[in-house]
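Data block below; observations after.
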Amino acid sequence: MRFQDPNNTQPRQPSLAEQRARQQALAQEERDEELARQADAKAATRRKILIGSGVTVGLVGLVATYYTVAKTENVTAVCTDKDGVVVQNDDYCDDSYVTSHGGHYSGGFLFLPIPGGGYNSYRYNYGGTGVVGQRVSGGSYDAPSARANVTTKSGKSVQRGGFGISGKSGSGGSGKSGGS
């Protein structure tokens with residue numbers, strides 16, 4: 001039959017096999033939908049955990065950076081001569097001691113006059129180690145950051161002005177330039 005009249009034609013009843021196949025297809029579709037819902041829930045949970053752990057790592061990094069930056073560093077300074085040899089007297093690197101004995105400060109060095117003429121130069125080595133009469137080992141001649149607590153082996157606190165300038169406060173006090 002090539003043509004069926006849609007008004008008079010009745011659809012046939014599905015066979016038993018077709019009914020079972022249709023039921024299995026519907027059941028499979030429901031299982032697939034349930035698995036998709038579970039996968040979406042699992043992905044949402046993973047995203048939340050990932051975001052939470054990212055925030056945690058960020059906060060830990062921020063706190064660690066704060067403590068690294070805010071932490072005061074203890075640095076030991078040793079007084080050395082122009083050859084880098086540790087000297088006995090830490091006062092040779094103290095600008096108030098040197099100026100009171102006729103010396104001066106210039107370019108990071110303190111110049112102390114020698115009896116009979118001339119000058120010996122001295123400067124601090126920060127973080128280096130050594131014994132009196134031997135060359136200092138390690139450290140740097142550049143002053144550490146302003147938040148560092150700098151002391152000598154004798155326990156004296158070392159205060160240095162920034163950029164080679166040391167200032168005095170109080171009435172009548174005058175600043176002195178380290179670049180003379």
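The values are calculated or read from the model by the stated rules, or taken from the named source; none is laboratory data. This one's a predicted model, so the numbers in the text were calculated from it and none came from an experiment. Here the Cβ is made from the backbone with ideal geometry for all residues, glycine too, and neighbour counts use every protein chain on show. Areas reflect the complete protein model, heavy atoms only, side chains present, ligands, DNA and RNA absent. Shrake-Rupley method; radii C 1.70, N 1.55, O 1.52, S 1.80 Å.
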Set Lys and Arg Cβ to +1 and Asp and Glu Cβ to -1, take the dipole of the chain about its Cα centre, and tell me which of His101, Val132, Leu112 lies farthest positive. Val132
Nearest 20 debye, what's the magnitude of the dipole of the chain about its Cα centre given +1 on Lys and Arg Cβ and -1 on Asp and Glu Cβ? 220 debye
Calculated on alpha-carbon atoms, Rg and Dmax of the chain in Å: 41.5, 136
What residue among Leu35, Leu62, Leu110 shows peak mean-square fluctuation when the chain is described by a Gaussian network model with Cα springs under 10 Å? Leu35
Protection proxy ranking of 23-33, 96-106, 120-130 - average other beta-carbon atoms within 10 Å, highest first: 120-130, 96-106, 23-33
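So, by mean Cβ neighbours within 10 angstrom, what's the order for 133-139, 10-16 with the highest one leading?
Per-residue Cβ counts within 10 Å, averaged per peptide and sorted highest first, yield 133-139, 10-16.
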Tilt, helix 16-70 to longest principal axis of the chain (alpha-carbon atoms), in degrees rounded to tens, equals 10 degrees
Compute the accessible area per residue over the range 1-116, keeping the other protein chains in place, probe 1.4 Å, unit Å². 79 Å²
Report the relative contact order of the range 1-148, percent, no decimals, based on alpha-carbon pairs under 8 angstrom and at least 6 residues apart. 18 percent
Extreme residue, positive dipole direction of the range 24-89, given options Ala43, Val63, Val78 (C-beta unit charges): Val78
